[in-house]
2 protein chains.
Amino acid sequence: MRKFLLLILFSLYLFTGCAQSTTTGPTLNLMPVPGQLTMQDGKFRIADSFKLAVTGQPHQRLFKGATRFLRRLDDKTGSFLTQNQITSADNDANAPLVINVKRPGKVMLHEDESYTLTVSPQKVNLTAETDLGALHGLETLLQLVEADETGYYMPAIHITDKPRFPWRGLLMDVGRHFMPMEVIKRNLDGMAAVKMNVLHLHLSEDQGFPIESKVFPKLHQLGSNGNYFTQEEIKAIIKYADDRGIRVVPEFDMPGHATAWFVGHPELASAPGPYTIERRWGIMDPVMDPTKETTYKFLDAFLKEMTALFPDAYFHIGGDENNGKQWKANAQIQAYMKTNNIKNQEELHAMFNERILKILTKYGKKMVGWDEILQPGITKSIVIQSWRGKKYLYEAVSKGYQAMLSNGYYIDLVQNTEQHYLNDPLPEENQKQLTPEQQKLILGGEATMWSELVTPETVDSRVWPRTAAIAERLWSPGSVKDVADMYRRLDRVSLELEYVGLTHEKNYPMMLRRLANGQDITALKTFTDVIEPIKEYTRHQQGTTYYAYSPYTLIADAARPDAKVARNFRNLAKEFVTNPTPKVTNEITYWLNLWQNNHAGLQAIIRQAPALKEIETLSADLAKVSQIGLEAVNALKANKANLSEEWYNSSIATMQAAKKQRGKTELVVLPGIEALIKKAAGK
Amino acid sequence: MRKFLLLILFSLYLFTGCAQSTTTGPTLNLMPVPGQLTMQDGKFRIADSFKLAVTGQPHQRLFKGATRFLRRLDDKTGSFLTQNQITSADNDANAPLVINVKRPGKVMLHEDESYTLTVSPQKVNLTAETDLGALHGLETLLQLVEADETGYYMPAIHITDKPRFPWRGLLMDVGRHFMPMEVIKRNLDGMAAVKMNVLHLHLSEDQGFPIESKVFPKLHQLGSNGNYFTQEEIKAIIKYADDRGIRVVPEFDMPGHATAWFVGHPELASAPGPYTIERRWGIMDPVMDPTKETTYKFLDAFLKEMTALFPDAYFHIGGDENNGKQWKANAQIQAYMKTNNIKNQEELHAMFNERILKILTKYGKKMVGWDEILQPGITKSIVIQSWRGKKYLYEAVSKGYQAMLSNGYYIDLVQNTEQHYLNDPLPEENQKQLTPEQQKLILGGEATMWSELVTPETVDSRVWPRTAAIAERLWSPGSVKDVADMYRRLDRVSLELEYVGLTHEKNYPMMLRRLANGQDITALKTFTDVIEPIKEYTRHQQGTTYYAYSPYTLIADAARPDAKVARNFRNLAKEFVTNPTPKVTNEITYWLNLWQNNHAGLQAIIRQAPALKEIETLSADLAKVSQIGLEAVNALKANKANLSEEWYNSSIATMQAAKKQRGKTELVVLPGIEALIKKAAGK
């Protein structure tokens, strides 16, 4: 029996070496990589007669989860499985797949999520302490499904798996751009597919108050333009999440980021108003008045309502980016500070947090906040979410607070997946500075989908597939960090994510069709495949003022982060300059030719598609640098790495010009071409 | 000033002749074609400074509609329009676009939906009796948006428009396969885009009871597997529809098609039960017992609840496909019939309808039913929906009933658009048999999206774009019936429909990616572009038993009705055999070469994608017939229409073999290739 025993430390080896180089073995596409894994001989074939059984003491959610599993399995394989709705009557221990669960799970922090999976040619056994672990195991099973000429199968395997961190979250900002139910639901499905377990809903902002309050209905009635979740919808979200083992943690950002509250309730603010819903982006002045008892009375009643609505033990109060201007300008607040010996804005803010903490504690909740809330003396029961830097994470846990990491997981910055993937909350080199107890206080992390520049149409493409790599970082052993293998599996998981309804792939050509104004998009897609939206928050700094209602349908919105074609080209160029095999040479020539010849076609499109004018010269530059790249490749093919200094200087100048960002996008094949230029000039 | 006055009778001429042949004029893409239209000189340019004003006395819904118009305009053109939420304060008569409305519209049958639109280079005026007409005018304006090298614009034009029929509906069957909120919403947006005004929700079936009843909660709790609309969601659908000028007409199918009712309430049935939710398709036996007073007591309470929930004046009771078996088998029912001198099933059914009619009348509703309910003596206030044939439509109106047409609009039969398009409820040749009063009783028609074989993933591709042609049939003058021009405009409106969120285009490659199991889909798409799912209900007759929970993710589900590439090829072949210009010859050679060479690539995909095995020989046949087509084209290019009888017979035999349906699909380029064969053999 061929068998590899895979220890945690060797998982990296399996996924980059062993499994891939085994010609008879399957190439696994699991993401996140399981903790322990042993390959075995044979294949479990999926037949129409496939059946599953649920045994033990699971929560009801497992029956629904098992039913979803069946439907996803038959949708993926085209099998006409005979089982329909799984119930407790489906408990035949002779079924091909038997799920056994010891006890009903509770969707809460630190619940047991482990599972063990054994696939043999005849039988699949999935066992778990709780149904939450079993749900994770079912996701693993679906990712194991492969095909050969005979049909679909799962390779024989033994997996023992559990998460490295207990808090693996995605923040959805539904305040800046509202995201309707279906966006939330499909993203919950995506999260479940990669074993994430916290949906952090950012539920109040300067630009919107997207949740119904029955106690203070003016909040959503005047603060949302009708874009809000009813409480029934919130309950449906929580149920949908719970069915998938996902907690929902609400955030009501206070005292800042609160303009939308003040439209209906200006009395809460530190300046008289009146207020309208903010349409610009940025850090705004409006902030709650922490010196008035009426503020706390209001917040007490409001939080009483909301803490009852959200069952999770944790409740997020935001607490970030309060610029303090309204406090400084308000004489009463200044007088209050003097009277109460409050020295500065930070102390006043800390006082506010302490009051909110008391309210939340009264209603049985633990407080979570952005790292600004870590003020001297605040109770140890709170959880710190580090967004300004990893040092705040370590500062918090060093002081005995639970904390989690979002710094480095800001997916709205449209950075490459690799950067997020290698952002370990607790890499080996940092472990020494913390005691084992302090290390345990690191709960995990959250990807943050801030929504200034995304709409329901584009949001999935900013979340996925990159967030799957963050999910792996938070689930898999820290030793799993091979970037190339992550990207290989990411391509595959991206398709799987599409099957649950996410639109990150399919909205791309749709947006190009709209931009091309009904024309054929071939040339436009060839171009857009090698650009990316400009990174971090630079889009706000290039002469366009974006508002909440601006169009987010332009080329920078259609272009996707971490453009795959460009990434592959950069790798290809690296390979070519060190080992120019005929295959690599042909491939690189193919791409450069394609891009060199693409501009005429794109120009023809632009003539009838004015919205694309902003990238016309960028497309011309792509053709130019591709021409240069071809000259370099041809020289190197002829074994000449001695193109003239003049050629080199002129090429680099062209390259520099091509680096200029246009249409809030940039060419991301340039590093690859630059490598060719340098090599060809003998640099 | 260049100006054509376009009378209704000449609209056909404009769209196929005049407008297209005018080199300086725009090619209009309007669908439905307006009643009257006059082209004028010049273009109204869309600038960021574009503003609109609303004047007169509109209903609130117009402000929301105008706001949506702005967002769709900027999404489409990439303009950064400065106006945000439109309110009654936006009433500056100097605005570039001024909408004037005489009175608030009511979303009801026979409401005024007319509008007048004048676009000049400086100004756009949209006037209407009601805001419903104004909403239609805004859709026309969006369809008028074109682009040239300078930017986006609307051509100067004068349009006077109103619908030919007042009832232009789409039936969504949410009972057989549940369709969640977002499916309903995006289809409402699609309907609004082509000026349809009735959403007919088929809300009960053997396979599901997808709506919450607070009076009889067992109906949805036991009858839906959790797939139901809450009443809050129903209200949200009604509001969403009302915002777009669309009525929502509910249908509760009774006494047959009612298994799902009986799961919770077996006492309603004519046989004792117990019942489970039906998972098969077809006409089932379970039927309500019309002889028990308790049935009516139940239905009275239920209809009281539902008539209050749905504000429309019309209420649909189904009434179709009662096979009568349970009635025949029930001794009590037979005895009742004898006692009450009820001669047959039809009379018993008529008695039931009369009782329901009384209940609905009591609750202020007018009854609608399928054409079976047209029984002698039934009151004239009901509306007959003709599904079994146009003769039932005429029979109904001849007898003085209002009626509408669905026969010929069964979009679940996956027929070509043309067939639906030319299906006029009242073509000229039939007008003589009806008096003008009787003609007026023809309210319009409804496309019916029965959902046996569709899921939320595929439903849009069965509804759109074909339903846009039905919408035109019901809106535009009967003289507008040029099929080629309909198809030209349909290509364009299909894209516009995509912009409102419909997935008919974008789910196609997604489904192919899943079928290809992660491999490149080029060869698969080339093949699938020229097949169609088999038509009418033949899919049920080819050895596969479909259940509600079967996979609908196979090739027949991915393939689309009225495949455009194939249709264009058939037209090309027609052109080639009569007028083989070099352009046509090159084009036809290109396609035949492509298909001839496609099989190897598709075979390679199939090797790793077992679900595609069912079309492997069909793909081989496509290659074979394409080879034959090339032989024919080459012979004809050489001016030889004299290929041998032997060649002809063998070619026709190959063609016959290729006609065999596989994977519940068929090659739809065959008629085109057959035309080439015949021509080349001098037939």
Would you give the gap between the C-alpha center of region A:518-592 and the C-alpha center of region A:191-252, rounded to a whole Å? 34
Mind running the shape call on the protein assembly as shown? Use the C-alpha gyration tensor, a ≥ b ≥ c as the square roots of the eigenvalues: rounded below 1.5 for a/c, prolate if a/b tops b/c, oblate otherwise. rounded
Rounded to 5, percent antiparallel among DSSP beta bridges of region A:34-161: 60
Are there any residues in region B:496-522 with a reduction of at least 40 Å² in accessible surface when going from the isolated chain to the assembly of protein chains? Probe 1.4 Å, please list them by number. B:E498, B:Y499, B:K506, B:M510, B:R513, B:R514, B:N517
Any residues in region A:112-154 that have 20 Å² or more less accessible area with all protein chains than in their chain alone, probe 1.4 Å, and which are they? A:A147, A:D148, A:E149, A:Y152
With +1 assigned to the C-beta of every Lys and Arg and -1 to the C-beta of every Asp and Glu, and no other charges, what is the dipole magnitude of the protein assembly as shown about the Cα centre in debye, to the nearest 20? 480
In Å², rounded to a whole number, the accessible area per residue of region A:34-161 with probe 1.4 Å is 35
Please label the shape of region B:507-680 as rounded, prolate or oblate, based on the square roots a ≥ b ≥ c of the eigenvalues of the alpha-carbon gyration tensor (a/c under 1.5 means rounded; beyond that, a/b larger than b/c means prolate, else oblate). prolate
Could you tell me what percent of the DSSP beta bridges with both partners in region B:139-212 are antiparallel, to the nearest 5? 40
Please arrange B:D90, A:D285, A:D92 by accessible surface area, largest first, computed with a 1.4 Å probe and ligands excluded. A:D92, A:D285, B:D90
Region A:507-680 - accessible surface per residue (Å², probe 1.4 Å): 40
For the table A:K218/A:K325; A:K64/A:K391; B:K338/B:K358; A:K185/B:K218, the rows whose alpha-carbon distance is greater than 30 Å are A:K64/A:K391
Enumerate the helices in chain B for which the Kyte-Doolittle hydropathy averages 0.0 or more and the C-alpha atoms extend at least 30 Å along the helix's axis, using complete DSSP H runs. B:616-637
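Within the accessible area of region A:34-161, what % is carbon and sulfur when the probe is 1.4 Å and the other protein chains stay in place?
Looking at region A:34-161 in its full context, I get 49 percent from C and S.
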Report, for B:E536, each distance to the same residue's label point in the other copies, shortest first and in nm; define the point 7 Å along Cα→Cβ. 6.7
Long-range amide H contacts for B:H177: which residues qualify at under 5 Å (H placed 1.01 Å from N, peptide plane, sequence gap of 5 or more or a different chain)? B:S451
Sorted by accessible area with a 1.4 angstrom probe, largest first, how do B:R462, B:R186 fall? B:R186, B:R462
For region A:324-428, with all protein chains present and a 1.4 Å probe, just round the carbon and sulfur fraction of the accessible area to a whole percent. 51
Just tell me which aspartates and glutamates come within less than 14 Å, Cα to Cα, of A:K106; anything on the same chain fewer than 8 places away is out. A:E129, A:D131, A:D242, A:D243, A:D312
Percent antiparallel among DSSP beta bridges confined to chain B, nearest 5, equals 35
Take the alpha carbon atoms of region A:278-343, find their center, do the same for region A:129-156, and report the distance between the two centers in whole angstrom. 48
Computed on protein heavy atoms with a 1.4 Å probe, what is the summed buried accessible area for the chain pair A and B, in Å² to the nearest 100? 4500
Quick one: which of A:63-74, B:270-281 comes out on top by average Cβ neighbours within 10 Å, and what's the full order, highest first? A:63-74, B:270-281
Return the calculated 222 nm mean residue ellipticity for chain B, to the nearest 500 deg cm²/dmol, obtained by summing -39500 (n - 2.57) across DSSP H runs with n ≥ 4 and dividing by the residue count. -12500 deg cm²/dmol
Losing no less than 50 Å² of accessible area (probe 1.4 Å) relative to the isolated chain, the residues of region B:568-608 are B:R607
Taking only C-alpha pairs under 8 Å that are 6+ residues apart, what is the relative contact order of chain A in percent? 11
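The values are calculated or read from the model by the stated rules, or taken from the named source; none is laboratory data. This is a predicted model, so every value here is computed, not measured. Every residue, glycine as well, gets a Cβ built from its backbone with ideal geometry; the counts of neighbours run over all protein chains shown. Accessible surface areas use protein heavy atoms only, side chains included; no ligands, DNA or RNA. Shrake-Rupley method; radii C 1.70, N 1.55, O 1.52, S 1.80 Å.
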